[in-house]
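Notes to accompany the following structure.
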Amino acid sequence: MLIFYTFDVRNKTNLAAMENDSNLAALARIKDLEGELSSLREKIYFLEKENISIKEEKEKYHLISDYALDWEFWIDPKGEFKWISPSCNDLTGYTANEFFHDSNLFFEIIYTDDVIRIRQFLHDSISFMQIGQFIEFRLLTRTKHLRWCELNSKAIFDKFGGYLGQRGSIRDITRLKTALGQIRELSESQVWEMKAKQKYRDEIAGKDREMVSSLVRIAQKNEMVLYLRKNLSVIRNTLPGPIRTKVTAMLEKIDEHQRTQIFNWDDFKLHFEKVNHGFFERLKGKYPHLTIKDQRLCAYIHLGLPTKDIAGLINITPESAEIGRIRLRKKLELDRSQNLALFLQKI
């Protein structure tokens, strides 16, 4: 009996010692983990500070690049635009997005005689065949004004020395050229600019005529359909039963056709904006209270459509269309002496 008791006491003593060792190991591990956690918190703190600093630096560089006076851009080693500063709009009238969406736009606005020279200059810059050079060239703005420009190019690299392409800077030197009397072939440039402007005006006039012709055909068709329907409705009640039934069916088909052949305003607006850039944006900017219906009426009047044709387009009577014109004049705050069509054409 004594032997078993002694063995039990020793057993309990060993278990207590093992439990104590386990607790000490757990406390030591907890202490190690707390140390690691403290170290991680410190690293997170410094990383957050560094991230804030990087973000501030990034915002600063964005401000500097986005508000640069000159037109800045970055071309990769393949010759494709990677970045274009918003200042391109100040010089050319075209936005950075337009240059990105149309890869040929950059060369399309360059004066014809200078295109080959510019292509060669960019090719030589990208391939390191020339370093630290500049070139003067001419371009045409969106409004067909001639501008003299100077293009400088410089190679850019990443922090590991990898070649990223060329950073270009285009500066408007038209005034400088004029002041120094260095504009060559001035008379030919003026003639070319005048021809380009006239061609631009002729293209707009031609497209306007196409739209007006298309709208007039639609209006005349709608007017004829309404005329036929009105007369069929009048004579229907004077016809015998079987014929009256057929006429009723015809009227229903006419109504169904008119419902399915709805004039597509969105397509018209898209084509109208291609010819008259920014018309609706300028109109809404000056008169934000105008409704979609008012904007449609403004576009039709801008094209010179008479009241009768406008009525045919929107399936109303000429009298209702005239009332719409009167209400529009009030919204535009025009007095009786002002011509509505001329006023809208100047927007």
Exercise for the section: With respect to G161, determine if the residue is assigned to a strand (DSSP E or B), closer than 20 Å to G79 by Cα and at pLDDT 70 or above. Expected result: no
Exercise for the section: Would you check if there is a residue in region 263-279 being in contact (Cβ under 8 Å) with a residue 40 or more places away in the chain, surrounded by 11 or more Cβ atoms within 10 Å (Cβ to Cβ) and β-branched (V, I, T)? Expected result: yes
Problem - Failed condition for K293, given (1) open to solvent by 40 Å² or more (accessible area, probe 1.4 Å); (2) over 33 Å from the mean Cα position of the chain (by Cα) - result: (2)
Fill in the blank from the handout: Matching residues in region 281-314 (assigned to a helix (DSSP H, G or I), more than 16 Å from R329 (Cβ to Cβ) and modelled with pLDDT under 85) number 5
Completion exercise
Across region 111-134, the tally of residues that are open to solvent by less than 20 Å² (accessible area, probe 1.4 Å) and either more than 20 Å from K78 (Cβ to Cβ) or in a loop (DSSP other than H, G, I, E, B) (or both) stands at 2
Practice task
Would you check if K308 is exposed (fewer than 12 other Cβ atoms within 10 Å of the Cβ), in contact (Cβ under 8 Å) with a residue 60 or more places away in the chain and not hydroxyl-bearing (S, T, Y)?
Solution key: no
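The values are calculated or read from the model by the stated rules, or taken from the named source; none is laboratory data. Since we're looking at a predicted model, the values are computed, not measured. For neighbour counting, all protein chains shown are included, and Cβ atoms are generated from backbone atoms with ideal geometry for every residue, glycine included. Areas reflect the complete protein model, heavy atoms only, side chains present, ligands, DNA and RNA absent. Shrake-Rupley method; radii C 1.70, N 1.55, O 1.52, S 1.80 Å.
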